[in-house]
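Working notes, structure below.
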Amino acid sequence: MPHRIIWNSVPILPFARAKASVAFYEMLGFELVHREKAYLMFRKDQVELHLAREGQYDIGSRSTCYFRCPDVDRYFNNLKLAPELVLSAPQDRSWGMREFHLRDPFGNVLRFGQPATE
């Protein structure tokens with residue numbers, strides 16, 4: 001079996017009102033597992049869903065997907081990317097993840113991350 005490059009993906013949807021969003025996704029059976037002022041994380045079974053406050057993390061798109069990877073630096077360095085598609089190279093983020101961000105040709109933002117090492 002080949003080495004897995006991407007573990008899974010997590011959609012990140014915009015929200016405007018946290019209380020209404022939490023009530024809606026809990027009604028669907030999702031559990032709120034993490035909450036920040038501008039970010040909500042839900043889980044149901046093996047599915048994870050994130051919501052970001054509209055405009056809070058705006059880097060030019062409302063459509064975003066998060067991919068968990070075991071080695072974002074290796075993956076990034078092996079990609080042959082046009083410079084205009086790279087929003088940020090791998091870097092440690094304040095929320096404890098090492099990530100890089102891309103924009104696909106249609107403006108969707110793709111975020112790739114792994115837990116940051118100390």
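Nothing in this text is a laboratory measurement; each read-out follows from the coordinates by a stated rule. No experiment lies behind these values; they were computed from the predicted model shown. For neighbour counting, all protein chains shown are included, and Cβ atoms are generated from backbone atoms with ideal geometry for every residue, glycine included.
When the range 60-90 is filtered for residues that are polar (S, T, N, Q) and either in contact with a Lys or Arg (Cβ under 7 Å, 6 or more places away or on another chain) or in contact (Cβ under 8 Å) with a residue 40 or more places away in the chain (or both), the ones remaining, listed by number, are Ser61, Ser63, Thr64. The set of residues from the range 91-118 being aliphatic (A, V, I, L, M) and touching a residue at least 40 places away in the same chain (Cβ under 8 Å) comprises Val109, Leu110. Please determine whether any residue of the range 34-46 is over 21 Å from Leu110 (Cβ atoms) and in contact with a helix residue (DSSP H, G or I) (Cβ under 7 Å, 6 or more places away or on another chain). Taking every residue of the range 34-46 in turn, none turns out to be over 21 Å from Leu110 (Cβ atoms) and in contact with a helix residue (DSSP H, G or I) (Cβ under 7 Å, 6 or more places away or on another chain). Taken over the range 71-99, the residue count meeting the criterion of being of a type in the set (D, E, K, R) and exposed (fewer than 12 other Cβ atoms within 10 Å of the Cβ) is 2.
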